[in-house]
Amino acid sequence: MSDDQTVLEHLVALVPPPAEPVFGIGSWEELASDMGLRFPADYMAFLERYGSCQFARWLAIYDPRGLPQEDRRDPAQWGEEYRDLRDDSPEGYPLAMWPESGGFIEWGTTIDGEAFGWLTVGEPKDWPVLVLYRHDLVLGPIHESMTEFLLGWASGLRYNGRAVRNDGLPLRCLAWA
């Protein structure tokens, strides 16, 4: 993987952060303690720059430091909907969900119902990106950091991305609360 800071700077140059970002409160250390989970460094650096945001009013990325502490301390609710579907149809929903060992944890979602996240296998810096479509299809694992994946998407290199919207205007990132 590339240098996280360089990748982030390329993303910032392509799609600037919101003018008034919405940041979660609390520290990354508090979040890690509450959740029993450390996040990848590039994700934390991204959120320190962009905050909770939406790319093209389509892909929302949220800052988990904004979650109420009781939600951070109850990991069973993360992925609960997927686990319910898996209980009914294990062949269609084969993934483990965090906090299960090696489980998927979400970092973003689309207005179309897709979930973007990582498989929590190994060290956080090595977690691959995974996209869960709303109809039990999976894209990945993609062995890139979240920021590398976003840069590829925004530049049009992967996941049907585009640096220009359908109406010809530049791809924008807006604050999201």
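The values are calculated or read from the model by the stated rules, or taken from the named source; none is laboratory data. Just so it is clear, the structure is predicted and the values come from calculations on it, not from any experiment. Heads up, the Cβs are rebuilt from the backbone with ideal geometry, glycines too, and the neighbour counts pull from every protein chain shown. For accessibility, only protein heavy atoms count, side chains too; no ligands or nucleic acids. Shrake-Rupley method; radii C 1.70, N 1.55, O 1.52, S 1.80 Å.
Taking only protein heavy atoms into account and a 1.4 Å probe, give the accessible area per residue of the chain in Å².
51
Sorted by average packing, counted as other Cβ atoms within 10 angstrom per residue and highest first, what order do 116-123, 44-51, 143-150, 21-28 take?
Put in order of decreasing packing, that is 143-150, 44-51, 116-123, 21-28.
Given points 7 Å out from each Cα along the Cα-Cβ axis, report the Ala19 to Thr6 separation in nanometres with one decimal.
Here the answer is 3.3 nm between the modelled labels.
For the chain, what does the helix formula give at 222 nm: sum of -39500 (n - 2.57) over DSSP H segments with n ≥ 4, over the residue count, nearest 500 deg cm²/dmol?
Taking each H run of at least 4 residues, the total per residue is -8000 deg cm²/dmol.
Using Cα pairs under 8 angstrom and six or more residues apart, how large is the relative contact order of the chain, in percent?
27
Give me the percent of the accessible area of segment 21-110 that comes from carbon and sulfur atoms, probe 1.4 Å, all protein chains in place.
Percent of accessible area from carbon and sulfur atoms in segment 21-110: 49.
Among DSSP beta bridges lying fully in the chain, give the percent that are antiparallel, nearest 5.
95
For a quick size check, give me the Cα extents of the chain along its three principal axes, largest first, whole Å.
Here the spans come out as 44, 35, 30 Å, largest first.
Let's see if you can work this out: charge +1 on each Lys and Arg Cβ, -1 on each Asp and Glu Cβ, no other charges. What is the dipole magnitude of the chain about its Cα centre, in debye to the nearest 20?
The dipole of the chain has a size of about 620 debye.
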